[in-house]
Amino acid sequence: MNSEHEQTAGKPATVSGGGSGRFGGRLMPEVPTGERKIEHVRLCLDEEVGSVGVTTGFERYRFRHAALPEIDFGEIKLDTTFLDHSVRTPFLISSMTGGSKATGEINMRLAEAAERRGWALGVGSVRAAVEKEELASTFRVRESAPSVPVIANLGAVQLNYGFGLDDCQRAVDIAGADMLVLHLNGLQEVFQPEGNTRFGRLLGRIEDLCRTLSIPVGIKEVGWGIDGETARTLLDVGAAFIDVAGAGGTSWSQVEKFRSPDPVRRAAAEAFAGWGNPTADCIAEVREAAPACALIGSGGLQSGVDAAKALALGADLAGFGRGLLGSAVDSVEALDQRLAQVELELRTAMFGIGAGNIEALKSTKRLIRA
């Protein structure tokens, strides 16, 4: 990390000029459009779509305060590496959206913020752009984020519906991505009106892609979590990284409940509001099952303290999704302030336990069960 960044660490980055000015105000249309991607964003912002009866599990942990940290706050470093990519922070803007004009503008705003602050960046499923060229611009984030790692995203189940190597490479090319993540979202597909539920014999297709695509391929959930056993299975067939995307944040069965015209599916979705593996448990399990795994901890993170716990439990990056969405929709300034707040919270947590860098945080003995 250069000295200029160290001097300004924890302070909001300057937000002016360039692409940021194009999207200064609120991005969402004022009236419903019926477009799935826009309705997903709208529901995540306006409805109660969080898990019910299951938490992230981070509340079961706390840090033992170090009254004498023996480090200078101004010298705390947040830089780290992920799959040989250097990043200025251990944070990921998780895959969220794209596929329409409004959600494409959200992606550009997220990309510009990621570049300013040094966060890795994921985009929503690029499937729509692979199938419809006119939507590709809503995922082209590389121009706005030239230096940070970018992760393209596709539903793993699409490999059972005709998607092959060329389609996956097309998704990567559209996003200008360094990596591809395949998401596993079986329960969402069950409750989604357009759902694809043929998950049988999918592991072999995942392996074929992992072995043949020219960039790293990872696997993520969407909010119900990947446990240690499943992670080990995926890593054994060539997955380069795991994003646990655990329970305790957004429940996509709840999101799809609001979209479904089928009263049976809407009622059944309620039974799964508390489904899933808590994020903290997933991180700990995967790290134990695969000590050398490149690991992203996401799923319901709300603060830099949550991120600190995720990293101390074994994650290499901490991913934030819906917790950033409202700020991203509202304004460039609101998003930048939100990212700065998360960074300050992480840096302060590290100061509170005497961890001067991310490696020290990841090896701390000061995270204990509450």
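Would you mind stating whether residue 279 is hydroxyl-bearing (Ser, Thr, Tyr), open to solvent by less than 20 Å² (accessible area, probe 1.4 Å) and either modelled with pLDDT of 95 or more or touching a His at 6+ places or on another chain (Cβ under 7 Å) (or both)? The answer is yes for residue 279. Pairing each residue of the stretch 244-269 that is on the phi > 0 side of the Ramachandran plot with any residue that is in a helix (DSSP H, G or I), provided the two are 6+ apart or on different chains, yields C-beta distances under 9 Å for 245/279; 245/282; 248/58; 248/279; 248/280. Only one entry in 312, 328, 340 is open to solvent by 10 Å² or more (accessible area, probe 1.4 Å) and either in contact with an Asp or Glu (Cβ under 8 Å, 6 or more places away or on another chain) or of a type in the set (A, V, I, L, M, F, W, C) (or both), namely 312. Only one of the numbered conditions (1) within 17 Å of the chain's Cα centre (by Cα); (2) of a type in the set (Asp, Glu); (3) modelled with pLDDT under 95 is not met by residue 243, and that is (3).
Before we move on, is residue 348 of a type in the set (S, T, N, Q), at pLDDT 95 or above and open to solvent by 30 Å² or more (accessible area, probe 1.4 Å)?
So residue 348 fits the description; yes.
Every condition in (1) within 23 Å of residue 64 (Cα to Cα); (2) part of a helix (DSSP H, G or I); (3) open to solvent by less than 20 Å² (accessible area, probe 1.4 Å) holds for residue 360 except the one numbered (3). When we screen 106, 93, 71 for residues that are under 22 Å from residue 218 (Cβ atoms) and of a type outside the set (S, T, N, Q), the only hit is 93. Residues that are outside any loop (DSSP other than H, G, I, E, B), under 18 Å from residue 194 (Cβ atoms) and open to solvent by 10 Å² or more (accessible area, probe 1.4 Å) within the stretch 128-152 comprise 128, 130, 131, 135, listed in sequence order. One residue alone among 318, 312 is more than 14 Å from residue 89 (Cα to Cα), touching a residue at least 24 places away in the same chain (Cβ under 8 Å) and aliphatic (A, V, I, L, M), and that residue is 312. Selection of the stretch 109-127 for residues being open to solvent by less than 20 Å² (accessible area, probe 1.4 Å) and of a type in the set (D, E, K, R) yields 109, 112, 117.
Quick check on the stretch 102-127: of everything there that is among the hydrophobic types (A, V, I, L, M, F, W, C) and not in a helix (DSSP H, G or I), which residue is nearest to residue 346 (Cα to Cα)? This residue is 119.
Residue 162 satisfies every condition listed in (1) of a type outside the set (S, T, N, Q); (2) free of Cβ contacts under 8 Å to residues at least 24 places away in the same chain; (3) assigned to a helix (DSSP H, G or I) except (3). Taking the stretch 175-200 as the range and being hydrophobic (A, V, I, L, M, F, W, C), outside any loop (DSSP other than H, G, I, E, B) and within 19 Å of the chain's Cα centre (by Cα) as the test, the residues that pass are 175, 179, 180, 181, 182, 187. Exactly one residue out of 212, 230 is polar (S, T, N, Q), touching a residue at least 12 places away in the same chain (Cβ under 8 Å) and surrounded by fewer than 22 Cβ atoms within 10 Å (Cβ to Cβ), and it is 212. Residues being among the acidic types (Asp, Glu), surrounded by fewer than 20 Cβ atoms within 10 Å (Cβ to Cβ) and in contact with a Pro (Cβ under 8 Å, 6 or more places away or on another chain) are entirely absent from the stretch 236-254. The residue list 133, 194 contains one member that is touching a residue at least 12 places away in the same chain (Cβ under 8 Å) and among the acidic types (Asp, Glu), which is 194. Within the stretch 335-345, the set of residues being charged (D, E, K, R) and either closer than 12 Å to residue 117 by Cα or modelled with pLDDT under 95 (or both) comprises 336, 338, 343. When the test is whether a residue is open to solvent by less than 20 Å² (accessible area, probe 1.4 Å) and at pLDDT below 95, residue 192 passes it.
The values are calculated or read from the model by the stated rules, or taken from the named source; none is laboratory data. Because the structure is a prediction, the values reported are computed rather than measured. Note: ideal-geometry Cβ built from the backbone for every residue, glycine included; neighbour counts use all protein chains shown. Surface accessibility is based on the protein's heavy atoms, side chains included, excluding ligands, DNA and RNA. Shrake-Rupley method; radii C 1.70, N 1.55, O 1.52, S 1.80 Å.
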